[in-house]
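Please read the structure below before turning to the comments.
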Amino acid sequence: MILYNSLGQTRQEFVPFNDKEVNMYTCGPTVYHYAHIGNLRTYIMEDVLEKYLRFSGYNVKRVMNITDVGHLTSDADTGEDKMLKGAKREHKTVLEIAKFYTDAFFADCAKLNIKTPDVVEPATNCIDEFIEMVSVLLEKGYAYVAGGNVYFDTSKLDSYYVFGNMNEDDLAVGVRDSVEEDENKRNKADFVLWFTKSKFDDQELKWESPWGIGYPGWHIECSCISKKHNGEYLDIHCGGIDNAFPHHTNEIAQSEAYLGHKWCNYWFHVLHLNDARGKMSKSSGDFLTVSLLEEKGYNPLVYRMFCLQSHYRKPLTFTYESLDNTAKAYEKLTKRIAGLSKDGSADIAKAKPYLDSFKEALDNDINTSLGLTCVYDVLKADLDDATKLYLIDEFDKVLSLNLTKAKSAQEQTESADSEVNAEVEALIAQRTKARAEKDWATADAIRDKLKEMKVVIKDTKDGIEWHFEN
């Protein structure tokens, strides 16, 4: 299996630290708002990677954090606290905001067939671990206290800009995306490990620490949560390309300074989803969510297929025209698969070359576009239907598009009509019962609800007849 490793910017054979055991870490969401579909492109591609590793015989332990404290609007430790910003926007507590948007995130993941990681850990669960790591970094001389905060000293490293394409002269790290500079920093690339002198007087979440009451910096969270659940050696770290610098750069700096050895061998970064305005982001104020796509009539798995049609290391441009084309392709594909006979048994020997082609596609740096092509190749192949269904089921363990389970658009419409009809019948039965019991208030309320649903009721000698208004 060949993966592109952002650390070194080369394609490399994937070899885990421990034979068939894979420790995998995913940067989770900051739960102050809904995830937009650009965020979810990253989680879809990480999901494919995890499922393909399992498909290939690896035992995978995937860990993901939930950032519910410490993430500021600027990656350079300045700006507003994102969680506090969300709480103010909705007049709720930070913990209420965190719970609501964590649930919303996993609801979106479920609609997209994204598997929940084996371990999901909110940052607020790990304050003791953060304090312990910061204390060790201070003891080792990699950190210092200034202005009440604790900072990582990047000047103590032999190499800080480990992902390339950036250097100290090109990037004013201390003022990136910000109009303010932290005067407590010895070097502009230094970053906060622990805040105590917060500028946010109404910061809700604070804890006792050896340096005063405060809260962790964003970068320390992933290092500690990964170490807690993945151990000292991490095989694959995943995230969006915008996290490569400075977030992942800082994770490497503090983790390896703390551990005293190399921490993670492979870095898997997914490129941006763009729209007409450029990179999709929450800061634009108007962003696309899974719920919005559903409101417009799209099956969320159509968006998953839209992402799989492109390579994760290429920027992907979203348009409704492209999504419409994918929706038509998905409908035709699933309809064709639904027409295959379920009788008989698969011929495993004849299936093997097609399985090998699928593995070859995914072994080639998770080439999902070629993986989808394998589905079409199977449908065109001189194979019996049972073997075709077997192969498509195998492929779908990775693609997760419900290829043999998806209902056609007509079936979905019929199913929705059936549910509405059942609701109308139930309401009519309740109204009949209420009238028999002379409960006129309930009967009138049900009549009004049926009227809102544009249901016309007619009493006949044979019982009640109904239909929808034309």
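The values are calculated or read from the model by the stated rules, or taken from the named source; none is laboratory data. On a predicted model such as this, the values are computed, not experimentally measured, just so you know. Here Cβ is always computed from backbone atoms with ideal geometry, including for glycine, and neighbour counts include all displayed protein chains. Note: accessible area is taken over every heavy atom of the protein model, side chains too, but ligands, DNA and RNA are not part of it. Shrake-Rupley method; radii C 1.70, N 1.55, O 1.52, S 1.80 Å.
Before moving on, here are some points about what is shown:
- Of all residues in the range 88-109, those that are within 10 Å of residue 68 (Cα to Cα) and assigned to a helix (DSSP H, G or I) have Cβ atoms under 6 Å from Cβ atoms of residues that are among the charged types (D, E, K, R) and open to solvent by less than 50 Å² (accessible area, probe 1.4 Å), 6 or more apart or on another chain, in 98/68.
- Comparison of 328, 380, 350, 397 shows that the only residue that is under 23 Å from residue 289 (Cβ atoms), surrounded by fewer than 17 Cβ atoms within 10 Å (Cβ to Cβ) and not hydroxyl-bearing (Ser, Thr, Tyr) is 328.
- Residue satisfying condition, being among the aromatic types (Phe, Trp, Tyr), at negative phi and either in contact (Cβ under 8 Å) with a residue 40 or more places away in the chain or not in a loop (DSSP other than H, G, I, E, B) (or both), within set 298, 258: 258
- Search result, residues across the range 230-263 that are surrounded by 20 or more Cβ atoms within 10 Å (Cβ to Cβ), farther than 20 Å from residue 193 by Cα and hydrophobic (A, V, I, L, M, F, W, C): 234, 236, 238
- The set of residues from the range 78-91 being at negative phi and open to solvent by 80 Å² or more (accessible area, probe 1.4 Å) comprises 80, 85, 88, 89.
A quick yes/no check of all residues on (1) closer than 17 Å to residue 302 by Cα; (2) polar (S, T, N, Q); (3) assigned to a loop (DSSP other than H, G, I, E, B):
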{"position": "329", "(1), (2), (3)": "yes, no, no"}
{"position": "336", "(1), (2), (3)": "yes, no, no"}
{"position": "346", "(1), (2), (3)": "no, no, yes"}
{"position": "350", "(1), (2), (3)": "no, no, no"}
{"position": "354", "(1), (2), (3)": "no, no, no"}
{"position": "357", "(1), (2), (3)": "no, yes, no"}
{"position": "361", "(1), (2), (3)": "no, no, no"}
{"position": "375", "(1), (2), (3)": "yes, no, no"}
{"position": "379", "(1), (2), (3)": "no, no, no"}
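- Residue match in the range 305-319 (condition: part of a helix (DSSP H, G or I), surrounded by fewer than 18 Cβ atoms within 10 Å (Cβ to Cβ), touching a residue at least 60 places away in the same chain (Cβ under 8 Å) and in contact with a Ser or Thr (Cβ under 6 Å, 6 or more places away or on another chain)): no
- Look at (1) open to solvent by 10 Å² or more (accessible area, probe 1.4 Å); (2) of a type outside the set (D, E, K, R); (3) at negative phi and you find that residue 269 fails only one, number (1).
- Of residues in the range 118-168 being of a type in the set (D, E, K, R) and crowded, with 19+ Cβ neighbours inside 10 Å, the one nearest to residue 98 (Cα to Cα): 121
- Among the candidates 407, 433, residue that is within 30 Å of residue 454 (Cα to Cα), modelled with pLDDT under 95, assigned to a helix (DSSP H, G or I) and among the basic types (Lys, Arg): 433
- Among residues of the range 203-228, those that are over 15 Å from residue 84 (Cα atoms) and either at pLDDT below 90 or outside any helix (DSSP H, G or I) (or both), counted: 7
- Screening the range 191-211 for residues that are over 29 Å from the mean Cα position of the chain (by Cα) and closer than 13 Å to residue 146 by Cβ and picking the one that is least open to solvent (accessible area, probe 1.4 Å) gives 196.
- Looking only at the range 353-368, and only at residues there that are in contact with a helix residue (DSSP H, G or I) (Cβ under 7 Å, 6 or more places away or on another chain) and over 21 Å from residue 266 (Cβ atoms), the one that is surrounded by the most Cβ atoms within 10 Å (Cβ to Cβ): 358
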